[in-house]
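Colleague: There's a structure below that I have some questions on.
The values are calculated or read from the model by the stated rules, or taken from the named source; none is laboratory data. Bear in mind the structure is a predicted one, so any value in this text is a computation, not a measurement. To get the accessible areas, we keep the full protein, side chains included, count just its heavy atoms, and leave off ligands, DNA and RNA. Shrake-Rupley method; radii C 1.70, N 1.55, O 1.52, S 1.80 Å.
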Amino acid sequence: MQEQNKYEYAVLRYVPRVEREEFINVGLAMMCKRQRWIKVSILLQSCKLKAICPDADCEALERQLQAFVDIAEGKKDAGPVAGYPVEERFRWISAVKSSVIQTSRPHPGLCDDLDATFARLFSELVE
């Protein structure tokens, strides 16, 4: 029997006014240290964004969120964090921030298929 993969995930959130603590989920970060696997995907739904913040700059937000994807993918032009091991990149992505892009607390889990689990969580929590 194959050992299951232990993973951690955190939901990326858009918090337009930090003091109000209102947010919408805009992405998912997931990591498995043993497999050296990390993935971040984003989804901006303009109708949701405009409902919580009518003057949201969707293009600027998308650029900011893309930086998280680029770091997860280890792109050389994404800065020094992109060169860290996957667990350190995930820790940076999921670190507590007091900005308009925040994450949930990391949550652990076990699975056989990391990609399928990521797709399921993304569908349930972001889409």
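Colleague: Using the heavy atoms of the protein chains alone and a 1.4 angstrom probe, what is the accessible area of the chain per residue in square angstrom?
Modeller: Per-residue value: 60 Å².
Colleague: Take the Cα atoms of the chain, build their convex hull, and give its volume per residue in Å³.
Modeller: 97 Å³
Colleague: L43's amide H: which non-local residues (gap 5+, or another chain) put their own amide H closer than 5 Å, with H modeled 1.01 Å from N in plane and none for Pro or chain starts?
Modeller: Amide H to amide H, under 5 Å and 5 or more residues apart or across chains, L43 pairs with G27.
Colleague: Between E21, E73, E88, where does the largest GNM mean-square fluctuation fall for the chain, given springs only between Cα atoms within less than 10 Å?
Modeller: Fluctuation is largest for E21.
Colleague: For region 50-106, what is the Kirkwood estimate of the hydrodynamic radius, computed as the reciprocal of the mean inverse distance between distinct Cα atoms, to one decimal in Å?
Modeller: Hydrodynamic radius (Kirkwood, Cα only) of region 50-106 equals 12.5 Å.
Colleague: For the chain, take the longest principal axis of its alpha carbons; what is the angle in degrees between that and the long axis of helix 114-125, to the nearest 10 within 0 to 90?
Modeller: For helix 114-125, the angle is close to 30 degrees.
Colleague: May I ask which of K6/K48; K76/K97; K75/K97; K6/K97; K50/K76 have a Cα-Cα span longer than 29 Å here?
Modeller: From the list (K6/K48; K76/K97; K75/K97; K6/K97; K50/K76), the Cα-Cα distance tops 29 Å for K6/K48; K50/K76.
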